[in-house]
1. Determine how many Å³ per residue the convex hull of the Cα atoms of segment A:111-156 encloses.
2. What is the average number of partner chain Cβ atoms found within 10 Å of a Cβ in B:157-170?
3. Between A and B, which A residue has the Cβ nearest their rotation axis, distance in Å?
4. Across 20 Å bins from 0, what is the distribution of all Cα-Cα pair distances for the protein assembly as shown, in whole percents?
5. Find the Rg to Rh ratio for segment B:1-110, where Rh is the Kirkwood radius over alpha-carbon pairs and Rg uses the same atoms.
6. Between copies, how close do the B:ASP55 label points come, placed 7 Å along Cα→Cβ, listed in nm from shortest?
7. For the Cα atoms of chain A, what angle does the longest principal axis make with the long axis of helix A:53-86, in degrees from 0 to 90, nearest 10?
8. Please tell me the relative contact order of chain A in percent, rounded to the nearest whole number, where contacts are Cα pairs under 8 Å and at least six residues apart.
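Rule-based calculations on the coordinates, nothing more; no lab input. Because the structure is a prediction, the values reported are computed rather than measured. Cβ: placed from backbone, ideal geometry, glycine included. Neighbour counts: every protein chain shown.
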Protein chains: 2
Amino acid sequence: MVADAMELATRALLEANLGLAEQVITGDERIDDARSACEEQAYALLALQAPVATDLRTVLAAIHAAESLERMGDLALHVAKAARRRHPAPVLPEPVNRYFAEMGRVAVQLARRAEEVIRSQDVAAARAIEDADDEMDDLHRHLFTLIMNKEWEHGVASAVDVTLLGRFYERYADHAVSVAKRVVFVVTGRMPGTVSDDDL
Amino acid sequence: MVADAMELATRALLEANLGLAEQVITGDERIDDARSACEEQAYALLALQAPVATDLRTVLAAIHAAESLERMGDLALHVAKAARRRHPAPVLPEPVNRYFAEMGRVAVQLARRAEEVIRSQDVAAARAIEDADDEMDDLHRHLFTLIMNKEWEHGVASAVDVTLLGRFYERYADHAVSVAKRVVFVVTGRMPGTVSDDDL
């Protein structure tokens, strides 16, 4: 769901498409509900079954993953709201469109890979997600170079929009990595390090 | 610890004080360690004691709170890093200084109130934290109005810094609210709604 949300939100952003933006905005409630349902189910399991070892780690990873995934939904929601706020004007000045097309592609791919890792519990695939996140960090850094460049001619308001939107994509990717790291923890029993760190 | 970190980071920002910035940056590891220790302890309690009802909710709230608090530490770290990056130049153009002084004050106050709520389990005090967060949202909105104003004369790079820094303070406050909401859940048994939502 959060991969779909970010895919639609990115299209809404790039095409200044109000219908798609509204779809993401309306759809966010379903993501929030799924998170609550997941958390309640996890609490019930802990209370009624008192799981230990791998089972316990699985339930706790689910609680953490649900939180990260809901947050990813919120970030897609922010992108959609930005598209709606400026509609019918495009939010992005033309030269940064391709960065956001790429960041959108990478973000959605990370979310889909996190989904696969949740299903497969494949530790190698989980670790590979971190490398894919490097791609996002590179895009994000290049984007900043562009805004900070003295030749930026699209005004301050537009720079502010681009800054926040760039951050939303980068945080979305961080959360996908965080979900993958929790799967590593489930499988290996090794507590991952800081999972919420971003490097800005 | 995260209240102290944000207090120092704000001073580092406003006074362009490299020593204070370094202190926050170095100190973040202790916050990360405290979070890991808290989480390990919580896992051990779940595995060994299989708590139910209020005890279970307390342990789970601790896991969530530790995550939020670590994130608050990261956000203070980002503020400190911004101060270091631009040193010896100040990061902020003079007219926004008072906004950040206020946002810093509110952020630190929210963190200290969250600490009190954790200790006291006082539901009324927990709910009052949400009102204090409105103050942060107001400051944040005014700050944006200022940047987006056509008369902003401090350049794009500076607007980008101010945008991101404003967001760090706002997210910090959101996490303090999230911690307080979890305390409400511990005491009342009512699952709070979305706890990670921000309104930007």
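1. Values: hull volume 3.2 nm³, N = 46.
Convex hull volume per residue, Cα atoms: 70 Å³.
2. Across B:157-170, the average partner-chain Cβ count within 10 Å equals 4.
3. A:ALA50, 2
4. Bins of 20 Å from zero give 27, 60, 12, 0 percent of pairs.
5. 1.14
6. Those separations, rounded to one decimal, come out as 1.8 nm.
7. 20 degrees
8. Values: 255 pairs, mean separation 58.7, N = 200.
Contact order relative to length: 29 percent.
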